[in-house]
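Chemist: What follows is a structure written as structure tokens; I'll ask about it next.
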Amino acid sequence: TDNIPGLRGGGPVLAFESLADLGSEELLFECVAGLYEEKCGEDWRVEMQEQADLLWMIRELNEDGTPVKYVMFDQRG
């Protein structure tokens with residue numbers, strides 16, 4: 001296993017049923033954010049960012065080749 005806990009109370013069925021018919025990255029993000037908010041309450045942003053960090057979600061590299069972390073939310077949340 002990858003030791004990444006994912007969304008509490010979620011799993012492959014919830015993921016498929018929630019995301020299968022969504023076409024854009026924006027809609028996918030909004031759906032996942034809504035699921036995290038529903039399951040985690042006011043700490044949902046922290047929980048969702050933690051999962052992104054565990055998955056090493058990288059979209060670009062610095063000039064020296066080091067990865068730039070995927071940041072979903074600015075410091076204000």
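What follows draws every value from the coordinates through simple rules; no lab data is involved. Computed from a prediction, not measured in an experiment: that's the story for all the values here. Here the Cβ is made from the backbone with ideal geometry for all residues, glycine too, and neighbour counts use every protein chain on show.
Chemist: If you check Leu35, Leu28, Leu22, which single one turns out to be within 13 Å of the chain's Cα centre (by Cα) and over 18 Å from Met57 (Cα atoms)?
Modeler: When all the criteria are applied, what remains is Leu35.
Chemist: Name the pairs whose Cβ atoms lie under 9 Å apart, with the first residue in the range 28-49 and of a type in the set (Val, Ile, Thr), the second assigned to a helix (DSSP H, G or I), and 6 or more positions between them or separate chains?
Modeler: Final answer for the pair search is Val32/Ala15; Val32/Ser18; Val32/Leu19; Val32/Met48; Val46/Cys40.
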